[in-house]
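The next block holds one structure in the form of structure tokens; read it before the comments.
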Amino acid sequence: MNGRVAITGSLSKHIRQLYWLGPPDRSGVASKSHPPHMSSKGCHPTGSCTKPGPEIQSITRRHLTSGGLSTRRKLFEAHHIQDERLQQRLSCKFTEILTMGDHESSKLDHENHLLLDQPLLQLPVELLRKNLRSARFEVEKDGSFVKEILKKTATDSVNGRISQQDVLKTLDSMIARMRGVKRKLTTFSEEENRLHRHEEARVKHLTELYGMYSVDDVKYEGWSRTRLDRLLTDYLLRQGYVKSAHELAKERGIELLVDVDTFEQMNRIRQCLLNGSIQEALAWCTAGDTKKELRKMDSNLEFMLRYQQYIELVRDRAQTKPDEALAHARKYLFPYKETYPKEVLHACGLLSMLPEHAARVEVYRELYAPARWQMLADLFTKTHASLLSLPSIPLLHIALSSGLSALKTPACHSIHPNSAAAPSHHTSLSLATSVCPICSTELNELAHNVPHALHSKSHVEPDLLLLPNGRAYGKARLEEYAKKAALPENQVKDLRTGEVYSVDLLKKVYIS
Ligand SMILES: [Zn+2]
């Protein structure tokens, strides 16, 4: 536990160096021109950077619109340039530019800041909906049962088919049943109150940000630290370190801002699947009206769990009754032969294939393989996340990926020795290298696979002009074509439609 917290502490230090997640250490003016030294002895956050999806790219793109970052980008690009004069100029202007960059980027863009925080508010709402649906399910189930019994007892008693004593007995059982419903509803109500408390705390946390207008605000540092702690807790929960996450949330007082209980339950079921037990996941699938919700989502989780049950029955055929596997298949698999024809076909074939002979046939070898448990655990995690509208990857990954992407320059991973993380003896270079977080020992490896957010090479024609018909062409091409068509000097011709327009009607196009 201590080791894990130590790692997260160290990791958080490195992450804070990324401007995206919060301002660098502002312990004084000196730290602005000499950002905190990144210890090479620190932990090496490892992990493969998967190719980011459109979500990350959009975040990166939006973030790049801030002026401060573009100033930093110029600076980071410059530190890889070979020209010595430029390096000297860079060295002289260094503090000035950084201060300028800080000034430009200090304005707080609330909307961009909260891009990652959608699940923070959404999860309690989803859980409230789920809670309400489950409560309604219980009321309807027991309500209709009691109504049926009452109707039957009343009819029987009027017709004299039932003794007075039996009527009393039935009434007692109905009361007991309704007491059960009341007990269940109390639990649902407590859960609802808990979720409301969560939602309230989260709204308050996000509203605090709207009271700040600059990252230089003293309160902002505390706020961004809380957000980082939230991201770290989310990461720990998703990686299965529930106890560490719990401790971290407790220590930082952010229990209402994180979803320990939800992930704890998810991790418990996931672990059961990894240990070869299906019951817990099946119970989750069929509890309340989750089954209905899963069907709406076209989820194959329940089918795959039943399929695995069948495989286990066939595998242990010495222990199970001969008809058991077949009965299971008839009940749970055959009704889905239209939806999952391949799986049902393989299930039939599996009966004739003993585990010891399956090695020869790939399909059956895979069905008997222990790797299926991992597949089921992953499928469960994925289904659980989509049922609760949770992002499938930790928010920390999204934040890190977009932060790394925004700061990465093409030279950061070049083979040029000066761009390596090793400290250089040239003062200007070592200063620049120590500033570039991507060139630091800790983050260099992590940033290896993220794309560059800056594309210096344009694929669009320069000087785009918009014609009144909505088409856009490069100025040079329009002029050339007008010349070829022997048009007067103040006229241009659409390259495709041949329409002729006056130059005054053209508008310049800016791509942002
Ligand atoms: Zn660099």
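The values are calculated or read from the model by the stated rules, or taken from the named source; none is laboratory data. What you see is a predicted model, and the numbers here were worked out from it, not measured in a lab. Cβ atoms come from the backbone with ideal geometry, glycine included; neighbour counts cover every protein chain shown.
One table, with the values for the structure above:
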read-out: Residue that is modelled with the lowest pLDDT [pool: residues in region 290-301 that are crowded, with 17+ Cβ neighbours inside 10 Å and either among the acidic types (D, E) or within 18 Å of N131 (Cα to Cα) (or both)]; value: T290
read-out: Single match in R295, R317, R306 (criterion: of a type outside the set (V, I, T) and touching a His at 6+ places or on another chain (Cβ under 9 Å)); value: R306
read-out: Filtered residue count, region 206-242, keeping only those that are under 20 Å from I393 (Cα atoms) and of a type in the set (K, R); value: 3
read-out: Unmet requirement for L478, which otherwise passes all of (1) more than 30 Å from L407 (Cβ to Cβ); (2) touching a residue at least 60 places away in the same chain (Cβ under 8 Å); value: (2)
read-out: 3 or more residues out of contact with any Pro (no Cβ under 8 Å at 6 or more places or on another chain) and of a type in the set (A, V, I, L, M): qualifying helices (runs of 4 or more DSSP H) within region 105-219; value: 118-158, 164-210
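Each row is one residue, and each column tells you yes or no for (1) of a type in the set (K, R); (2) on the phi > 0 side of the Ramachandran plot; (3) part of a helix (DSSP H, G or I); (4) without any contact (Cβ under 8 Å) to a residue 24 or more places away in the chain.
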{"site": "R295", "(1), (2), (3), (4)": "yes, no, yes, yes"}
{"site": "M304", "(1), (2), (3), (4)": "no, no, yes, no"}
{"site": "A329", "(1), (2), (3), (4)": "no, no, yes, yes"}
{"site": "K342", "(1), (2), (3), (4)": "yes, no, yes, yes"}
{"site": "L345", "(1), (2), (3), (4)": "no, no, yes, yes"}
{"site": "Q374", "(1), (2), (3), (4)": "no, no, yes, no"}
{"site": "T381", "(1), (2), (3), (4)": "no, no, yes, no"}
{"site": "S386", "(1), (2), (3), (4)": "no, no, yes, no"}
{"site": "L390", "(1), (2), (3), (4)": "no, no, no, no"}
